[in-house]
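Q: Submitted below is the structure of interest, expressed as structure tokens.
No lab work stands behind these numbers, since they all come straight from the coordinates. It should be emphasised that the depicted structure is a prediction, and the values quoted were computed from it without experimental measurement. Positions of Cβ are backbone-derived with ideal geometry, glycine not excepted, and every protein chain shown enters the neighbour counts.
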Amino acid sequence: MERFDVELRKVTKRFGEVTAVRDVTLQIRSGEFFSLLGPSGCGKTTTLRMIAGFEIPTSGQILIGGQVQGHLPPHKRPVNTVFQHYALFPHMTVYQNVAFGLEMQKVDKAEIAARVGQALELVHLTGMENRKPKQLSGGQQQRVALARALVNRPKVLLLDEPLGALDLKLRKNMQIELKNLQAEVGITFIYVTHDQEEALTMSDRIAVMNRGRVLQVGSPEVIYEQPENRFVADFIGETNFVTGVLQRAGLPVEIEVAGQLVQAGWLAEGVRTGETAVLSIRPEKIHLLPGSANGEAHQFGTAVSGQVERTIYLGTDTRYLIRLDAETRLVVRMQNTQVGHSHFAIGDTVWACWNPAHARVLSAEE
Amino acid sequence: MTAVTKPTTTILPESRASRQERIKTQLATLGLTGYGILAYLFLYLPIIILVIFSFNDSRSTAQWAGFSTAWYVEMMQDNQIIISLWNSLFVAIVSTAISTVLGTLAAMAMERYRFRGRLVMDAILYLPIIIPDIAMAIMLLLFFNISGIGFNTWRIELAGLRLSVPYSVIIGHVAFNISFVAVVVRARLAHMDRTLEEAASDLYANAWHTFWRVTLPMLMPGIIGGALLAFTLSLDDFVITFFTAGPGFNTLPVRVFGMIKKGVTPKINAVSSLMLAGSLALVLISIFLRRGDDRGGIEIV
Ligand SMILES: Nc1ncnc2c1ncn2[C@@H]1O[C@H](COP(=O)(O)OP(=O)(O)OP(=O)(O)O)[C@@H](O)[C@H]1O
Ligand SMILES: [Mg+2]
């Protein structure tokens, strides 16, 4: 049986009338960079706070290193937190901040000095020991917060939007640094963010949350390429949703959109033939061919015909808005690989084609 | 063809409308300055006169007869005044110490815990600030009578003097000072970032260590501010002390009151100037501490 560093079993948390987290089950592997991703208010922070011990679940269980945590207070759990606004102790120096956790664990003075030194070296802050947090830049404070947590060598490090307060450029740099750091120390990271790009670039696995529920868990690639519901497909990257009627539930899945029958490679559970469903396909997975290239278009697997309604030149690629019928449009992204070659003009009749494996039919709800 | 034209640098005369507005602004500034000066004179002139006449070389408090420190010397030699000064200090120190601890604890309870009857407790805690001193004094007097505390005294030797301070006065001062300390500390507590305490507990500190290492240091400016306020109020108090002192016990304000009944002399001015200087010193200390607070980075963004 696989060992998990952290497990949540049917965890629910209610604050009075509000259900912040609803029946969440998660298994986080040892050494993994695991992200909780979702919009504001979806329950990411609450989930993290329950793991840390700041909140006790209304129902369900949390296990850390195989041990049921129950009502254990934060100081008795083998995890450390990096807070969104760092929560550095303003009346202590950098050294005192980083040494705090070790002092509380009654580590002896010489070892504290050695380990604080190492931790500060790890985050490139050697020489700043005697500064107060106020005398540091945002990025440096962030590093102190990291060192203060890592110095304790926790099993699991919990990070609540740790880069949220930094400017864009610093954030990009810190993303890389954090990822390298995690590889270096080998500690399990549970990382909260509402920035999908950040989650995609940093994580081994992502749990996408909405309204207190976990909607899908998987690697960045799985989350992006194989979204299982509308919310996940919509929240991560850009996608086309085209409403239609399901014609065939077996493979290849067939759905009628804008009066034309197209194929897809996956069907969400619970959608039946004859019911309304949604075809989901990413703009870059669609290829455009001239209306005359009839045979070629159908070699792609599936194709719909439409007119170019608008084109937007974006440098590396061009976006096309394709009109299928009065209500239905498709966004298509084509790479500009050839010099001086503008593919299509407004008003052109085109075939929009794709490999059915890239298209998914999702439930019309959520 | 493009001709290069030099930009014109001629200064045009000021317009009528602009001039009118300029003069209006100047008049307004002048008027407000004058008003400000008058307001300050009204507030501080009596104090200045008091201090000046404490150095008067005459019994008169109305006619200047030259500079002298005789009244201060006489004040220092008046045993009654010296004893009442030490009484004041003793009561202030003891009541401040007690009320600072109790007030801080009360503030923490009110701010941090939700318990049944909290709102009522909250209102009661602040009552002493609102109700008139005289009502409070009479209530306390009744309480001391009924409870049997009476006017029993605490006898101590201080600076070579034998003081006997009624417990009732100390308890009375504690009773009103708790409220003031609690208000000041609570303001600080409300602004304090609670995630700091969470961070401490996340870093293996139990409740006890979290309190001593994080909460208390963060609250310190508020606690010191509350203590200074309590100390000042205790030194200044007249009504409650007067009613709860019983026979023969004087703090400085009570002593001054007794002297005034026999006529105002520059000696009273000297005592008052001394009290004024003490209060000023306390204010300066608190301002100084607050500045240190800003520099020291106790506040966080
Ligand atoms: N202590 C609390 N008392 C009452 N409601 C709470 C409390 N903490 C969180 N909530 C509610 O629970 C829900 C989830 O909050 P949470 O802070 O977990 O969201 P989040 O995903 O971290 O959002 P964000 O990205 O904005 O930080 C919200 O609706 C919030 O209002
Ligand atoms: Mg949050």
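Q: Mind listing which GluC sites (Glu not before Pro) in segment A:231-333 are in a DSSP loop and have 11 or fewer other Cβ atoms within 10 Å?
A: A:E269, A:E327
Q: Dipole of segment A:244-363, Cα-centred, from +1 at each Lys and Arg C-beta and -1 at each Asp and Glu C-beta, to the nearest 20 debye?
A: 220 debye
Q: Sticking with this structure for a sec: Could you work out the helix-only [θ] at 222 nm for chain A, with each DSSP H run of four or more residues adding -39,500 (n - 2.57) and the total divided by the number of residues, to the nearest 500 deg cm²/dmol?
A: Dividing the helical sum by the residues of chain A leaves -7000 deg cm²/dmol.
Q: Sticking with this structure for a sec: Measuring from label point to label point, each 7 Å out along Cα→Cβ, what is the A:R22 to B:F143 span in nm?
A: 5.4 nm
Q: Checking understanding here: applying a Kyte-Doolittle mean of at least 0.0 and a length along the axis of at least 15 Å (C-alpha), which whole DSSP H helices in chain A pass?
A: Helices meeting the criterion: A:94-104, A:109-122.
Q: Here's something else I'd like to know. Along the charge dipole of segment B:19-79, Cβ charges K/R +1 and D/E -1, which of B:S54, B:Q77, B:Y40 sits furthest on the positive end?
A: Projecting each Cα onto the dipole axis, the largest value belongs to B:Y40.
Q: If you average the sequence gap of Cα pairs under 8 Å that are 6 or more apart and divide by the length of chain A, what percent do you get for the contact order?
A: 16 percent
Q: Show the residues, 5+ positions off or on another chain, whose built amide H is closer than 5 Å to the amide H of A:D160.
A: A:V82, A:Q84, A:V192
Q: With an 8 Å cut-off on Cα pairs and a minimum separation of 6 or more residues, tell me the relative contact order of segment B:75-196 in percent.
A: The normalised contact order for segment B:75-196 reaches 41 percent.
Q: Moving on to the next point. Mind checking which of B:L189, B:L219, B:L142 has the largest fluctuation in a GNM of chain B, springs on alpha carbons under 10 Å?
A: Taking springs between Cα atoms under 10 Å, the residue moving most is B:L142.
Q: Evaluate the relative contact order of segment A:208-366 (contact order divided by residue number), counting alpha-carbon pairs under 8 angstrom at least 6 apart; express in whole percent.
A: Reported relative contact order: 28 percent.
Q: What 222 nm value per residue comes from the helices of chain B, counting each DSSP H run with n ≥ 4 as -39,500 (n - 2.57) and dividing by all residues, nearest 500 deg cm²/dmol?
A: For chain B, the value works out to -24000 deg cm²/dmol.
Q: A follow-up question, please. Let me know the volume per residue of the alpha-carbon convex hull for segment A:4-231, in Å³.
A: 125 Å³
Q: Then there is this: For segment B:56-100, which chymotrypsin sites (Phe, Trp or Tyr not before Pro) pass both filters: DSSP loop (anything but H, G, I, E, B) and at most 13 other C-beta atoms within 10 Å?
A: B:W64
Q: So what are the ³J(HN,Hα) numbers for segment A:75-82, from phi and the Karplus equation (6.51, -1.76, 1.60; θ = phi - 60°), rounded to whole Hz, Gly and Pro as x?
A: 6, 10, 10, x, 10, 10, 10, 9
Q: Would you work out which of A:L63, A:I51, A:G16 lies farthest towards the positive end of the dipole of segment A:1-63, given +1 charges on the beta-carbon of Lys and Arg and -1 on that of Asp and Glu, about the Cα centre?
A: The Cα lying farthest towards the positive end belongs to A:G16.
Q: Also, I was wondering about something else. Would you please give the residues with an amide H less than 5 Å from that of A:L215, counting only those at least 5 places away or on a separate chain, with H modeled from the backbone geometry?
A: Placed amide hydrogens put A:V208, A:M209, A:N210 under 5 Å from A:L215.
Q: Please list the helices of chain B that count as membrane-span-like by this rule: a mean Kyte-Doolittle hydropathy of at least -1.0 together with Cα atoms stretching 24 Å or more along the helix axis, each helix being a complete DSSP H run.
A: Helices passing the filter in chain B: B:16-53, B:79-112, B:167-191, B:216-236, B:266-296.
Q: Quick one: putting +1 on the C-beta of Lys and Arg, -1 on the C-beta of Asp and Glu, what dipole do you get for chain A around its Cα centre, in Debye to the nearest 20?
A: So the magnitude is around 1320 debye.
Q: Scan segment A:1-67 for GluC sites (Glu not before Pro) in coil per DSSP, keeping those whose Cβ has at most 12 other Cβ atoms within 10 Å, and list them by number.
A: A:E2, A:E17
Q: Please list, short to long, the whole-number percent of alpha-carbon pairs of the protein assembly as shown in consecutive 20 angstrom bins beginning at zero.
A: 13, 29, 26, 21, 9, 2, 0
Q: I want the antiparallel fraction of DSSP beta bridges within the protein assembly as shown, as a percent rounded to 5.
A: In the protein assembly as shown, approximately 75 percent of DSSP beta bridges are antiparallel ones.
Q: Treat chain B as a sphere of radius equal to its Kirkwood radius over Cα pairs and apply Stokes-Einstein at 25 °C in a medium of 0.890 mPa s; give the translational diffusion coefficient in µm²/s, rounded to a whole number.
A: Result for D is 103 µm²/s.
Q: I'd like the mean, over residues of A:89-97, of how many other protein chain beta carbons sit within 10 Å of each residue's own Cβ.
A: Counting other chains' Cβ atoms within 10 Å and averaging over A:89-97 gives 4.
Q: Also, quick follow-up: Pull up all non-local amide H partners of B:N206: gap of 5 or more, or a different chain, and H-to-H distance under 5 Å with H placed in the peptide plane.
A: Placed amide hydrogens put nothing under 5 Å from B:N206.
Q: May I pose another question? Explain nothing, just the number: dipole magnitude of the protein assembly as shown about its Cα centre with +1 on each Lys and Arg Cβ and -1 on each Asp and Glu Cβ, in debye rounded to the nearest 20.
A: I would put it at about 1860 debye.
Q: While we're looking at this one, here's another question. Across peptide A:127-133, how many C-beta atoms of other chains are within 10 Å of each residue C-beta, on average?
A: 1
Q: Hey, another quick one. Could you give the radius of gyration (one decimal) and Dmax (whole number) of the Cα atoms in segment A:210-366, in Å?
A: 15.7, 50
Q: Further question: Got a sec to turn the phi values of segment A:311-316 into Karplus ³J(HN,Hα) couplings, 6.51 cos²θ - 1.76 cosθ + 1.60 with θ = phi - 60°, whole Hz, x for Gly and Pro?
A: 10, 10, 7, 10, x, 5
Q: Which of A:I112, A:V144, A:T126 sits farthest toward the positive end of the charge dipole of segment A:105-154, with +1 on the Cβ of Lys and Arg and -1 on the Cβ of Asp and Glu?
A: A:V144
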